[in-house]
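See below for the structure under consideration.
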Amino acid sequence: MTSANRRRTYAWTAAIVLAAGCGALPPRTESPPPAVVSADSAVQPLLEPAARLVMASPAISRIWPGFWPPGQPFGIANPHKVVLVVSEVAPESLFTALPPRVLPRALRGRAYVAYGEVPRLNSARGIGFDLRTRLMGPEMTVLPVRDEVESTVEVLVHESFHAFQLRAFARPERQDDAFDRASAARPEFASLVESERRLLVAALDAPGRDSLERVVRSYLAVRARRYASTAESVRAEELHLERIEGSAQYVGSIVAALGDGRRRPEPIAAAVREHLTTEIDASDPGWAIRVRSYGTGAAIAILLDRLNVSDWKQRLQAGETFHDLLSRALAER
């Protein structure tokens, strides 16, 4: 397998995915866990992001057709201490139901915990737990809790969307060409990339439709200039990563922007703008393309919404790229 193929495979399996046909977890040999009477210090940090996700579930379901169906199970972990599973279906016997009195209203009757090391959840990637697994039949994402509630919510939805992509997105055709590092390492390539990122920020900030279209046309012209002297393997890698990571970033950013219902949601463009303005270490051209793709793909998704391209999600899911969708949207005007 070429390095390009390895990177492309990694984009689809960035998280460790357990075999879909795995059976129930082996029965626990020791005595059952005692009844939980309070949410202890290991569980407490997991409750707020879990409740936030449950309350946002109807809105999440409307972001992308087929994603996050009603009752979507998920898990949040305090690595090596406790795993909280939120599900309308009780997980296997390793988990204990949390009593309603210790839970936010949104989690009552659907929150379960398992303490210590949970079989098949320990990861070799240094994050503590696998990101996608099956503990009760339906596939779910289990994410280690992060320092901020918004970050936990955003990344869990982002990774859940990758699981959805594995089931619902058309797979790209295999590319036999090795990734051309030299093509992506040229100073002109890096300079044009940064110009494109600045133009995407300007497009997100455009005050009206005419201004938006004018900036997008400038962006497309700069990208066409860069692609004219860029190896096909680099173009294919970039377009693929934008399609996969950019769409996941778009969905995760929308959910994070929903807030907690007690304050006005922050515009999704603000989070995406931060990706576009963050300096990226370009010493590894392949890695730099991956990191940039989160922001560029999500930004183009927002622009397609603003340009009223009603079917762009279905077309992206079927295999089109963000670049092609944006180019056609402007060509049809």
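Let me know the shape class of the stretch 245-333, please: from the alpha-carbon gyration tensor, a ≥ b ≥ c as square roots of the eigenvalues, rounded when a/c is under 1.5, otherwise prolate if a/b is greater than b/c, or oblate.
Details: a/c = 1.95, a/b = 1.03, b/c = 1.89.
Judged from the Cα gyration tensor, the stretch 245-333 comes out oblate (a/c at least 1.5, b/c at or above a/b).
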Classify the stretch 170-278 as rounded, prolate or oblate from the Cα gyration tensor: take a ≥ b ≥ c as the square roots of its eigenvalues, call it rounded if a/c is under 1.5, otherwise prolate when a/b beats b/c and oblate if not. oblate
Relative contact order in percent for the stretch 154-285 (Cα pairs under 8 Å, 6+ apart) equals 38 percent
For the stretch 66-78, just list the computed ³J(HN,Hα) in residue order, Karplus coefficients 6.51, -1.76 and 1.60, θ = phi - 60°, integers in Hz, with x standing in for Gly and Pro. x, 8, 6, x, x, x, 3, x, 7, x, 10, 10, 9
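With +1 on the Cβ of every Lys and Arg and -1 on the Cβ of every Asp and Glu, and nothing else charged, how large is the dipole of the stretch 181-331 about its Cα centre, in debye rounded to the nearest 20?
Details: 22 positive and 21 negative charges, 62 e Å.
Here the stretch 181-331 has a charge dipole of around 300 debye.
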Order of Leu103, Leu326 from fewest to most other C-beta atoms within 10 Å? Leu103, Leu326
Please list, ordered by chain and number, the residues whose modelled amide H lies under 5 Å from the amide H of Val142; skip anything fewer than 5 residues away on the same chain. Gly75, Arg132, Thr133
Karplus-derived 3J(HN,Hα), 6.51/-1.76/1.60, for each residue of the stretch 203-214, Hz, glycine and proline x: 5, 4, 8, 4, x, x, 5, 4, 5, 4, 5, 4
Can you work out the Karplus-derived ³J(HN,Hα) for every residue in the stretch 49-61? Use 6.51 cos²θ - 1.76 cosθ + 1.60 with θ = phi - 60°, whole Hz, and x for glycine or proline. x, 5, 5, 4, 5, 4, 5, 8, 3, x, 5, 4, 4
Taking the mean number of other Cβ atoms within 10 Å as a proxy for protection, how do you rank 48-55, 194-201 from highest to lowest? 48-55, 194-201
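No value in this document is a laboratory result; all are computed from the given coordinates. Computed from a prediction, not measured in an experiment: that's the story for all the values here. Glycine also receives a Cβ, built like all others from the backbone with ideal geometry; neighbour counts cover every protein chain displayed.
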